[in-house]
Amino acid sequence: MTTTTGNVTHFTTVDGAPDASWFIDFMDVANALPEYRRIRQTLADQLGDLNGKSVLDVGCGTGDDARELAALVGADGKVVGTDLSGAMIEEARRRGGGAALPVEFRTADAGGLAFADGAFDAARAKLVLMHCADIETAAAELLRVVRPGGRIAVFDYDFETTTVDHPDVSATREVVRCCADGHGNKWSGRQLARRFLDLGAREVSVTPHTVVMPLAFFRRSVGGRLAAAQADGKLAMTAPQLDAWWQTLAEADAGGRFFASLTGFALGATR
Ligand SMILES: C[S@@+](CC[C@H](N)C(=O)[O-])C[C@H]1O[C@@H](n2cnc3c(N)ncnc32)[C@H](O)[C@@H]1O
């Protein structure tokens, strides 16, 4: 079942997947959650007045956020969305087809942006740095392409902040540990401020956002990688124990009592 077999830790290799649609669908479901609208608003607020400005959206995915930004920059501004994945850029261009917005999409690795120093008034990266193998270089690139005095905005999760209401506390702790440890940058959220301060950013602030996850989205987020971790011996549970753990959550959900959340951090900073 596609909703449980995908793996969000593979967002850095979307083009290597047999079908990119799992990743596209995943982002569409995520971006429709109520807290995601508030995250986009926080990031936009961090960038300030964008009218007439040039804005870069690194790791733009399907380009929906870049199009929102394009409406803010107006006819005198421009937005460039970049993504490592050709499939994502293809989808972004398809969705943008015919729209009279000042936005363009290009394939680019966040770790090596082909833009001059200070090329943009502002740059943002939502749910991208946490996927980058070399997060230090990607963060430095984000800052480099913004002009001195320009703004950056970044949102990343902190995967050790997962909460799940489940009667089996020790199994749930093991699930949370396993999910966090499956991410190369599992603490990216809590590290954002320190990382950008070390790079010389000024006026750094951080706003937390806790996303309450419906069971279907929670399962879509972690179901595939928990199953893979269990099969690889990286989860201290048997397959029947893992199935029973999910079954308890399904029963809680049927009774309107499922609760899970994940907290991320939105950074705003001045170059
Ligand atoms: C979780 S999605 C977020 C997409 C979009 N920012 C959003 O919030 O809807 C992560 C995106 O980062 C892209 N990505 C992963 N590694 C990247 C890298 N090294 N450079 C640029 N993009 C990358 C993926 O292809 C994917 O589109």
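Compute the Cα gyration tensor for the chain, then decide on rounded, prolate or oblate, letting a ≥ b ≥ c be the square roots of its eigenvalues: rounded whenever a/c is under 1.5, prolate when a/b is larger than b/c in the other cases, and oblate in all that remain.
Numbers: a/c = 1.98, a/b = 1.74, b/c = 1.14.
Prolate.
Per-residue ellipticity at 222 nm for the chain, helices alone: DSSP H runs ≥ 4 residues times -39500 (n - 2.57), over residue total, nearest 500 deg cm²/dmol?
Values: 10 runs with 117 residues, N = 271.
Value at 222 nm, helices only: -13500 deg cm²/dmol.
Can you list the residues, at least 5 places off or on another chain, whose amide H is less than 5 Å from the amide H of ARG106, using H built in the peptide plane?
GLY81, THR82, ASP83
Can you compute the label reach from ALA216? Point 7 Å from Cα along the Cβ direction, backbone N cut-off under 15 Å, restricted to the range 15-37.
Of the residues in the range 15-37, 25-34 have backbone N under 15 Å from the label point off ALA216.
Hand me the tally of lysine pairs in the chain: alpha carbons under 24 angstrom apart, and the pair either on different chains or 8 or more positions apart.
Values: LYS53/LYS78; LYS53/LYS126; LYS78/LYS126; LYS126/LYS186; LYS186/LYS234.
Value for the chain: 5.
Are there trypsin sites (Lys or Arg not before Pro) in the range 152-234 that DSSP puts in a loop and that have at most 16 other Cβ atoms within 10 Å, and which ones? List each step's numbers first, then the result.
Details: sites: ARG173, ARG177, LYS186, ARG190, ARG194, ARG195, ARG202, ARG219, ARG220, ARG225, LYS234; in loops: LYS186, LYS234.
Of the trypsin sites (Lys or Arg not before Pro), the ones in loops of the range 152-234 whose Cβ has at most 16 other Cβ atoms within 10 Å are LYS234.
Using θ = phi - 60° and the Karplus form 6.51 cos²θ - 1.76 cosθ + 1.60, what ³J(HN,Hα) does each residue of the range 172-177 get, whole Hz, x for Gly and Pro?
With coefficients 6.51, -1.76 and 1.60, one gets 5, 4, 5, 4, 5, 4 Hz.
Got a sec? What order do TRP22, TRP245, TRP187 fall in by accessible area at 1.4 Å, biggest, i.e. largest, first? Walk me through the numbers before you get to the answer.
Numbers: TRP22 25, TRP245 5, TRP187 100 Å².
Listed by decreasing accessible area, they come as TRP187, TRP22, TRP245.
³J(HN,Hα) across the range 42-54 via Karplus (A = 6.51, B = -1.76, C = 1.60, θ = phi - 60°), whole Hz, x for Gly/Pro?
4, 5, 5, 4, 5, 7, x, 5, 9, 4, x, 8, 9
For the range 36-117, just the Cα atoms, rotate onto the principal axes and tell me the three extents in Å, largest first.
Reported extents, whole Å, longest axis first: 31, 30, 27.
Tell me, what ³J(HN,Hα) does each residue in the range 216-222 have, in order and in whole Hz, if you take phi through Karplus 6.51 cos²θ - 1.76 cosθ + 1.60 with θ = phi - 60° and put x for Gly and Pro?
Per residue, the Karplus-derived 3J(HN,Hα) values read 4, 6, 4, 5, 4, 6, 10 Hz.
Per the 1.4 Å probe, what fraction of the accessible area of the chain, in percent, lies on carbon and sulfur atoms? Before the final figure, lay out the partial values.
Working: 6220 of 11870 Å².
Carbon with sulfur: 52 percent of the solvent-accessible area.
Any idea what angle helix 64-73 forms with the longest principal axis of the chain, computed on alpha-carbon atoms, 0 to 90 degrees, nearest 10?
30
Whole number in Å², please: accessible area per residue of the chain, 1.4 Å probe, ligands, DNA and RNA not counted. Intermediate results must be reported in sequence, preceding the final value.
Values: 11870 Å² over 271 residues.
With all protein chains present, the chain gives 44 Å² per residue.
Give me the Debye-computed log₁₀ of I(q)/I(0) at q = 0.10, 0.11, 0.19 Å⁻¹ for the range 120-271, equal point scatterers on Cα only, no solvent, two decimals.
The Debye formula, applied to the Cα set alone, gives -0.43, -0.50, -1.05.
Could you compute the net charge surrounding THR62? Neighbours are other residues with a C-beta less than 14 Å from the C-beta of THR62; K and R count +1, D and E count -1. Mind dumping the intermediate values first?
Working: positive: ARG40, ARG67, ARG93, ARG94, ARG95, LYS126; negative: ASP25, ASP28, ASP57, ASP64, ASP65, GLU68, ASP83, GLU90, GLU91.
Around THR62, the surrounding residues sum to -3.
Relative contact order for the chain using alpha-carbon pairs under 8 Å, separation at least 6, rounded to a whole percent?
Working: 529 pairs, mean separation 62.0, N = 271.
With pairs under 8 Å counted, the relative contact order is 23 percent.
What's the extension gain from ASP49 to GLU136 if we count 0.36 nm per residue and subtract their Cα-Cα distance? Show your work: numbers first, answer last.
Values: separation 87, 0.36 × 87 = 31.32 nm, distance 2.77 nm.
Contour length minus the Cα-Cα distance gives 28.5 nm.
Give me the accessible area of THR161, 1.4 Å probe, in Å² rounded to the nearest 10.
Result for THR161: roughly 40 Å² accessible.
With the cut-off at 1.5 for a/c, could you classify the range 1-78 from its C-alpha gyration tensor as rounded, prolate or oblate? Spell out each step's value before the answer.
Numbers: a/c = 3.03, a/b = 2.02, b/c = 1.50.
Here the range 1-78 falls in the prolate category.
Return the percentage of antiparallel bridges among DSSP beta bridges fully within the chain, rounded to the nearest 5 %. Intermediate values should be presented prior to the final figure.
On the way: 18 of 37 bridges.
Given both bridge residues lie in the chain, the antiparallel proportion sits at roughly 50 percent.
The values are calculated or read from the model by the stated rules, or taken from the named source; none is laboratory data. Because the structure is predicted, anything quoted here is derived from the model rather than measured. Methodologically, a virtual Cβ is constructed for each residue, glycine included, from the backbone with ideal geometry; neighbour enumeration extends over all protein chains shown. All accessible areas refer to the heavy atoms of the entire protein, side chains included, with ligands and DNA or RNA removed. Shrake-Rupley method; radii C 1.70, N 1.55, O 1.52, S 1.80 Å.
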